[in-house]
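Quick notes on the structure that follows.
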Amino acid sequence: MFHDRNGNISNEVQSIVSATVTGVIGGFIYGGVAKTKDIPTNFIRENQATKWESTFYAKRQLHNKFALEFFKKGTRIGLSAGIFCFLFQSTSVMMYVYRGKFEIINCTAAGALTGGLFKIDMGLKGTMAGTIIGSLLGSMYGAVAKLLLYITGAELSDLYEIHFQLMQKRRDNLKYASTTYMNNEIIELREKYVENKLLQEAAKSQEKLE
């Protein structure tokens, strides 16, 4: 599950990492936007009697409050979404690797486990409710995924391989871009060095002539 035959990180682990990162980023953006949309209105209402030094200072206070709340709320929801995606995807992938094929039951079990763990702080009733709801949602997700795989005639392993190739291509592009940037920087530094040397020599020659 964790490594392929060459000792590299497997496609399945790559899918878990991608799902987790996507959950964190998506949850951060959603949480930040959803929890800060009323801040301007609330700020104006709460500070109607406040005497500000200037309009610029008032706007800066509003921007600071907005940024702080966006980061705070976005981080909390982003972490929750990331943990949720990690638990669901890792459980589903482990069952896929163990059973050797993709089945709806994989997603059902993953949803039940994830839903139960997320509601475990609400006691036995909350855990049972989370497990039931999670299993239903997981089954729906698995049914849709199974239908799409059937329509396209693809296997889950094919999707993992395509995803791995896309990630590898992205890493190669980033590596190429960074290498090209560094090479250009080195060339420019060398040109500046030569230019400065010529200017210094010209200045010394001018001093000798004077």
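Worth pointing out:
- Taking first residues from region 127-141 that are closer than 7 Å to residue 111 by Cα and partners that are open to solvent by less than 40 Å² (accessible area, probe 1.4 Å) and of a type in the set (S, T, N, Q), the Cβ contacts under 9 Å between residues at least 6 apart in sequence or on separate chains come to 134/108; 134/114; 135/108; 138/92; 138/106; 138/108; 138/114.
- Restricting region 90-107 to residues that are touching a Gly at 6+ places or on another chain (Cβ under 9 Å) and open to solvent by 30 Å² or more (accessible area, probe 1.4 Å) leaves a set whose member that is farthest from residue 139 (Cα to Cα) is 103.
- The lone exception for residue 103 - which of (1) free of Cβ contacts under 8 Å to residues at least 40 places away in the same chain; (2) more than 22 Å from residue 24 (Cβ to Cβ); (3) among the acidic types (Asp, Glu) it fails: (1)
- Conditions (1) open to solvent by 40 Å² or more (accessible area, probe 1.4 Å); (2) within 30 Å of residue 11 (Cα to Cα); (3) in contact with a Ser or Thr (Cβ under 9 Å, 6 or more places away or on another chain); number of the one not met by residue 76: (3)
- Flag if residue 155 is modelled with pLDDT under 75 and either farther than 18 Å from residue 96 by Cβ or out of contact with any Lys or Arg (no Cβ under 8 Å at 6 or more places or on another chain) (or both): yes
Residues checked against (1) of a type in the set (S, T, N, Q); (2) closer than 17 Å to residue 133 by Cα; (3) modelled with pLDDT of 80 or more:
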residue: 50; (1), (2), (3): yes, no, no
residue: 69; (1), (2), (3): no, no, yes
residue: 80; (1), (2), (3): yes, no, yes
residue: 88; (1), (2), (3): no, yes, yes
residue: 102; (1), (2), (3): no, no, no
residue: 106; (1), (2), (3): yes, yes, yes
residue: 112; (1), (2), (3): no, yes, yes
residue: 117; (1), (2), (3): no, yes, yes
residue: 120; (1), (2), (3): no, yes, yes
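- Members of region 14-67 found to be surrounded by 15 or more Cβ atoms within 10 Å (Cβ to Cβ) and among the charged types (D, E, K, R), listed by number: 35, 65
The values are calculated or read from the model by the stated rules, or taken from the named source; none is laboratory data. Quick caveat, the model's predicted, so the values are computed rather than measured. As a convention, Cβ positions derive from the backbone with ideal geometry for all residues, glycine included, and neighbour counts pool all protein chains shown. Note: accessible area is taken over every heavy atom of the protein model, side chains too, but ligands, DNA and RNA are not part of it. Shrake-Rupley method; radii C 1.70, N 1.55, O 1.52, S 1.80 Å.
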